[in-house]
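Visitor: Just passing along the structure, written as structure tokens.
The values are calculated or read from the model by the stated rules, or taken from the named source; none is laboratory data. The structure displayed is predicted, hence computed values, not measured ones. Heads up, the Cβs are rebuilt from the backbone with ideal geometry, glycines too, and the neighbour counts pull from every protein chain shown. Quick note on the areas: whole protein, heavy atoms, side chains included, nothing else; ligands and nucleic acids left out. Shrake-Rupley method; radii C 1.70, N 1.55, O 1.52, S 1.80 Å.
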Amino acid sequence: MNDETLKLLKELDRKALWLASWMIHNANHVRENVDGLKVGGHQASSASLATIMTALYFHVLRPEDRVAVKPHASPIFHAIQYLLGRQAVDKLRDYRGYKGAQSYPSRTKDADDVDFSTGSVGLGVAQTLFASLTQDYVRAHGFGHDRPQGRMVALVGDAEMDEGNVFESMLEGWKQGLRNCWWIIDYNRQSLDAVVREGLWARYEALFRAFGWDVVILKYGALLEAAFARPGGGALRSWIDSCPNQLYSALVFQGGAAWRKRLTDDLGADAAVMGLIGELSDEALAQLMTNLAGHDLPTLIDAFGRIDHDRPVCVIAYTVKGHGLPFAGHKDNHAGLMTTAQMETFRHAMNIRPGHEWDRFEGLSVPAEDLQAFLDRVPFAQGGPRRFRAARIEPPAELKLAIQPEMSTQQGFGALLNELGREPSAFSDRVVTTSPDVTMSTNLGPWVNRRGLFAHQEMADIFKSERIPSTLSWEFSPQGQHIELGIAEMNLFILLSALGLAHSIHGERLFPIGTLYDPFIERGLDALNYACYQDARFILAGTPSGITLSPEGGAHQSIATPLIGLAQDGLAAFEPAFVDELSVVLAFAFDYIQRNGEGEPSERTWLRDETGGSVYLRLSTRPIEQPQRTMTPELRQGIIDGAYWMRRPGPNCQVVVAYTGTVAPEAIQAVGLMAEDRRDVGLLAVTSADRVNAGWTAASRARERGLAHARSHIERLLAELPPSCALVTVLDGHPATLAWLGAVIGHRTRSLGVEHFGQTGSIPDLYRHYGIDANAIIAAAQAVAPGRPIRYLKAL
Ligand SMILES: Cc1ncc(C[n+]2csc(CCOP(=O)(O)OP(=O)(O)O)c2C)c(N)n1
Ligand SMILES: [Mg+2]
């Protein structure tokens, strides 16, 4: 790098820090602060990473690289994009405001091509690892060779390294042969609350090396290195090396005079050291002592340039939190904000005239044309758009399957995928399944037998070659279409997040399907939420679910997952009872996950169906009798819209049983038993509480906004009922999932479900115990639809 370039980069470094600071100051002081909440964290954290990000974005990164920027560096990221001409000034002015630049980098809400969202610490870090794996998967399958391979880069806060999911992903990365992944740790030795433990860097180093990563430690900048080479330099280096983090931080905050006093106290007897620091003014001494590598452009650029292999790399870059700002190093600086007076001082130092704070080329020490010419050549900005659009791939219109008289939805799921795997096709060749060590027990086995497991290298199944009978062939190859993960559920969701963004990040559409035991969704819930927030597209099968896997007991039962399905944005949740329903839902899902999000809500359902999203299937291992019926277009639509009449209520209907999922036999039986004593009983199959609920909410809102005729699917279904009719709802999950049905029109409602869990036993034992069997349904009907006693009701 020549001096000219270095000068320009230094200018950009300062400028980015100024803009980030001004954004924050503007958000707090200039623009009325509407929510009363001051920006916390962003100022000091942005300053900590400013130089590293300058080196990366203006010099090191290539258009094909993708980056996860640590959450609190959002302002510096937006400032850099603005300098590159990729972000509008209005977004900066409205930072943290309505539709302005986001507080934490957001793929979905920001306009300046955030590659990976961050915010919940640790998740963005792991996302880069799985994005890298996805890149390899895509290329191994013969896709995307017309584009260069990128490096997946994470800018990691040192406290972020405390998150367990980071380590879980490292272990998985090692197993999967991770490549092209850089994690750059902003080692400022500060977290949100305090200064971190001594010597953490050594733990990181050992850890990363153990997992096969290259570790680059960047501690001192060029000024300090030069000083170390001089007489007295050795002693100075030893002093800094052994200086506790707390003391170092405190001295950084206190400045030059404090450095001098402390060094004199400790090393006063060493004339060479005293000579060395004696030449320097207080200001120059402070500059020297804070000249850590993470703030030294030549050191950074040199180090990044030396990485000449595709093994994963961890860079531990020493920095000062709040570097260059008045609260640098102070342990309380996380929420530190610059006062108006401090901003004024900074403005003078930057040579910026009042009213010109946002101008890109204001106050430069280099000619604007030179800077513009440099920006025009920045490699990162040479590519076209960073988001690809992969063409839609036609899924099969129907998924065919011979349905046995008795089946579970989980069996049906395995059988449907088995059918899908039979023939190669443009569609099925892009299906990729994954599971955290529950591939067999979630019925992915037949599919895996057909399509094999993915790995960089072929690995034979010795059991097969030794002719030992086994139902599963466990053969790995670069063509395999199943990614087997270790048990960590966080990894499952982050991998789904990466595979589910392949169309946008790598330009190639994949159809990711992940399976796990339903209760363990809660283990990975934050990562699931993260995947949805990034608008990744995948299908998730949670199976088995509820208390229905009864003998397994509490450790494997799920109650809350239907509510997660209902509430999780970006995830359409279905709980089919029968395999023909599942087949319809799965075919719909393959289409739905490809929709691109620009349409209006459907006038029929008021669902945002054009927007698309991911799909969650809550399945069961309970074999139940399958209905013998023809799949009419109307039935198909009802299943997709979320509900249909299994038994249409008559005009004098007194009670309707609405059920979801695997308790269908109980609901059917209860309705049969009640029929003699309650007139015109109806049976409503709810295949997606989520979708009928969302449609109802949206239609209600549309009416309030003046669209008087808006009606959602569930409103039309329930409008058939007389006002005096009562509802009994039931599912193997939390009763609140369907309880709201009573509010749609105002029918009296009793909701059955599971609120407490943990018992082992047979299905009849547990359904009786928790009150979701046929008798409990009848008892509830008797209570909400009083009339003559229902004769089949037994004492509870
Ligand atoms: C999962 C999660 N827990 C807690 C937080 C709140 N939080 C934000 S940043 C942070 C620590 C920041 O420390 P570090 O990563 O070292 O960044 P620095 O502040 O040094 O820039 C915490 C606890 C969060 N964003 N996500
Ligand atoms: Mg930190």
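Visitor: In whole Å, what is the distance between the alpha-carbon centres of segment 658-676 and segment 537-576?
Guide: 21
Visitor: With a ≥ b ≥ c the root eigenvalues of the C-alpha gyration tensor of segment 113-223, is it rounded (a/c under 1.5), prolate (a/b larger than b/c) or oblate? Don't skip to the answer; put the middle values down first.
Guide: Details: a/c = 1.88, a/b = 1.79, b/c = 1.05.
The shape class here is prolate.
Visitor: So for each of 545-555, 515-525 I average, over its residues, the number of other beta carbons within 10 Å; can you give me the resulting order with the highest mean first? Before the final figure, lay out each step's value.
Guide: On the way: 545-555: 20.4, 515-525: 22.0.
Ranked by mean Cβ neighbours within 10 Å, highest first: 515-525, 545-555.
Visitor: Tally Lys/Arg at +1 and Asp/Glu at -1 over every other residue whose Cβ is under 12 Å from the Cβ of residue 293; what's the total? Display every interim value, and only then the final one.
Guide: Working: positive: 219; negative: 186, 225, 296, 302.
Net of charged neighbours comes to -3.
Visitor: Let me ask something additional. Take the Cβ-Cβ distance between residue 394 and residue 422 as r, set R0 to 22 Å, and report the resulting FRET efficiency rounded to the nearest 0.05. Please list the in-between numbers first.
Guide: Details: r = 17 Å, r/R0 = 0.79.
Step by step, r from the Cβ atoms, then E = 0.80.
Visitor: If I take R0 = 45 Å and measure r between the Cβ atoms of residue 387 and residue 796 in this structure, what FRET efficiency does the formula 1/(1 + (r/R0)^6) give, to the nearest 0.05?
Guide: Numbers: r = 57 Å, r/R0 = 1.28.
Calculated value: 0.20.
Visitor: How would you classify segment 80-175 from its alpha-carbon gyration tensor, with a ≥ b ≥ c the square roots of the eigenvalues: rounded for a/c under 1.5, else prolate if a/b is greater than b/c, otherwise oblate?
Guide: Working: a/c = 2.93, a/b = 1.40, b/c = 2.09.
It is oblate, given that a/c is not under 1.5 and a/b is not larger than b/c.
Visitor: Sticking with this one: Can you give the extra length, in nm with one decimal, that the chain gains between residue 437 and residue 591 once fully stretched, where that is 0.36 nm per residue apart less the Cα-Cα distance?
Guide: Working: separation 154, 0.36 × 154 = 55.44 nm, distance 2.76 nm.
Additional length available on full extension: 52.7 nm.
Visitor: Give the separation of the Cα centroids, segment 204-261 to segment 105-142, in Å.
Guide: The distance from the Cα centre of segment 204-261 to that of segment 105-142 comes to 32 Å.
Visitor: With a 1.4 Å probe and every protein chain left in place, work out the accessible area per residue of segment 82-128 in Å², rounded to a whole number. Walk me through the intermediate numbers first.
Guide: Numbers: 1660 Å² over 47 residues.
Result: 35 Å² per residue.
Visitor: Right, something else. What does the highest-first list of 556-569, 419-432 look like by mean Cβ count within 10 Å? Walk me through the numbers before you get to the answer.
Guide: Details: 556-569: 21.1, 419-432: 17.1.
The densest-packed peptide leads the list: 556-569, 419-432.
Visitor: Turning to a different aspect of this structure: What is the distance, in nm, between label points placed 7 Å from the Cα along the Cα-to-Cβ direction at residue 351 and at residue 214?
Guide: Roughly 3.9 nm, to one decimal.
Visitor: Give the calculated FRET efficiency between residue 145 and residue 254 to the nearest 0.05, with a Förster radius of 51 Å applied to their Cβ-Cβ distance.
Guide: On the way: r = 56 Å, r/R0 = 1.10.
It comes out at approximately 0.35.
Visitor: Which log10 I(q)/I(0) values, to two decimals, does the chain give at q = 0.10 Å⁻¹ under the Debye formula with one point per Cα?
Guide: -1.04
Visitor: If you don't mind, another one. Considering the zone a paramagnetic label at residue 745 would reach in this model (a point 7 Å from Cα along the Cα-to-Cβ line), which residues of segment 594-613 have amide N under 18 Å from it?
Guide: Under cut-off, by backbone N: 605.
Visitor: What residues qualify as long-range amide H neighbours of residue 752, i.e. H under 5 Å apart, gap of 5 or more or another chain, H built at 1.01 Å from N?
Guide: Sorted by chain and number, the residues that satisfy this are 729, 730, 731.
Visitor: If you don't mind, there's one more thing I want to ask. Under 30 Å Cα to Cα from residue 794, which lysines show up? Leave out anything in the same chain fewer than 8 places away.
Guide: Of all the lysines, none pass the test against residue 794 - Cα under 30 Å, at least 8 places apart if same chain.
Visitor: Using the membrane-span-like helix rule (whole DSSP H runs, Cα extent along the own axis of at least 27 Å, mean Kyte-Doolittle hydropathy at least -1.0), which helices of the chain qualify? All intermediate terms of the calculation are to be shown ahead of the outcome.
Guide: Working: long enough: 3-25 (33 Å, -0.17).
Helix filter hits for the chain: 3-25.
Visitor: To continue, here is another question. For the chain, what is the mean residue ellipticity at 222 nm derived from helices alone (per DSSP H run of n ≥ 4: -39500 (n - 2.57); sum divided by total residues; nearest 500 deg cm²/dmol)? Before the final figure, lay out the partial values.
Guide: Details: 32 runs with 318 residues, N = 796.
It lands at -11500 deg cm²/dmol.
Visitor: Taking Cα centroids, how far is segment 383-415 from segment 687-726 in Å?
Guide: 29
Visitor: Where in segment 326-360 is the amide nitrogen less than 16 Å from a point lying 7 Å along the Cα-to-Cβ axis of residue 89?
Guide: In segment 326-360, the label zone of residue 89 (backbone N under 16 Å from the point 7 Å along Cα→Cβ) covers 352-360.
Visitor: Would you mind working out the accessible area per residue for segment 147-187, using a 1.4 Å probe, and quoting it in Å²?
Guide: For segment 147-187, the solvent-accessible area averages 30 Å² per residue.
Visitor: What is the dipole size for segment 668-796, taken about its Cα centre, with +1 at each Lys and Arg Cβ and -1 at each Asp and Glu Cβ, in debye to the nearest 20?
Guide: Working: 14 positive and 11 negative charges, 80 e Å.
Using Cβ point charges on Lys, Arg, Asp and Glu, segment 668-796 gives about 380 debye.
Visitor: Roughly how many Å² of residue 30 are accessible to a 1.4 Å probe, to the nearest 10?
Guide: 90
Visitor: Additional query: What distance in nm separates the simple spin-label points at residue 456 and residue 788, each placed 7 Å from Cα in the Cβ direction?
Guide: Here the modelled spin labels are 7.7 nm apart.
Visitor: Placing unit charges on C-beta atoms (Lys and Arg positive, Asp and Glu negative, everything else neutral), compute the dipole magnitude of segment 156-248 about its Cα centre in debye, rounded to 20. Working shown, then result.
Guide: On the way: 9 positive and 13 negative charges, 88 e Å.
Using Cβ point charges on Lys, Arg, Asp and Glu, segment 156-248 gives about 420 debye.
Visitor: Here is a further query. Starting from the 7 Å offset along Cα-to-Cβ, what nm value, one decimal, do you get for the label separation of residue 269 and residue 602?
Guide: With each label point 7 Å from Cα toward Cβ, the separation is 8.4 nm.
Visitor: Same structure again: Over segment 438-537, give the accessible area per residue in Å² for a 1.4 Å probe, as an integer.
Guide: On the way: 3700 Å² over 100 residues.
Accessible area per residue: 37 Å².
Visitor: With +1 on the Cβ of every Lys and Arg and -1 on the Cβ of every Asp and Glu, and nothing else charged, how large is the dipole of the chain about its Cα centre, in debye rounded to the nearest 20?
Guide: Working: 76 positive and 91 negative charges, 260 e Å.
For the chain, the charge dipole is close to 1260 debye.
Visitor: If you don't mind, another one. Share of antiparallel DSSP beta bridges in the chain, in percent to the nearest 5?
Guide: On the way: 9 of 67 bridges.
Looking only at bridges with both residues in the chain, the antiparallel portion is about 15 percent.
Visitor: Assign one of three labels to segment 672-796, namely rounded, prolate or oblate, based on the Cα gyration tensor with a ≥ b ≥ c the square roots of its eigenvalues; rounded applies when a/c is under 1.5, prolate when it is not and a/b is larger than b/c, and oblate otherwise.
Guide: Values: a/c = 2.95, a/b = 1.53, b/c = 1.93.
Taking the square roots of the gyration eigenvalues as a ≥ b ≥ c, segment 672-796 is oblate.
Visitor: Please list, ordered by chain and number, the residues whose modelled amide H lies under 5 Å from the amide H of residue 156; skip anything fewer than 5 residues away on the same chain.
Guide: 184, 185, 186
Visitor: Still on this structure, I have one more. Given a 1.4 Å probe and every protein chain left where it sits, what share in percent of the accessible area of the chain is carbon and sulfur? Don't jump to the answer; show the numbers that get you there.
Guide: Numbers: 16230 of 30900 Å².
Exposed carbon and sulfur together represent 53 percent of the surface.
Visitor: Going down the table (10/219; 219/331; 219/321; 7/70; 70/219), which pairs top 22 Å between alpha carbons?
Guide: Numbers: 10/219 19 Å; 219/331 20 Å; 219/321 14 Å; 7/70 27 Å; 70/219 20 Å.
Table pairs above 22 Å Cα-Cα are 7/70.
Visitor: Identify all aspartates and glutamates with a Cα-Cα distance to residue 464 below 18 Å; exclude those on the same chain that are fewer than 8 residues away in sequence.
Guide: Within the straight-line cut-off, residue 464 pairs with 475.
Visitor: Okay, next question. How would you rank 121-132, 629-640, highest first, on the average number of other Cβ atoms within 10 Å across their residues?
Guide: Working: 121-132: 27.8, 629-640: 14.6.
Taking the mean over residues of other Cβ atoms within 10 Å, the ranking is 121-132, 629-640.
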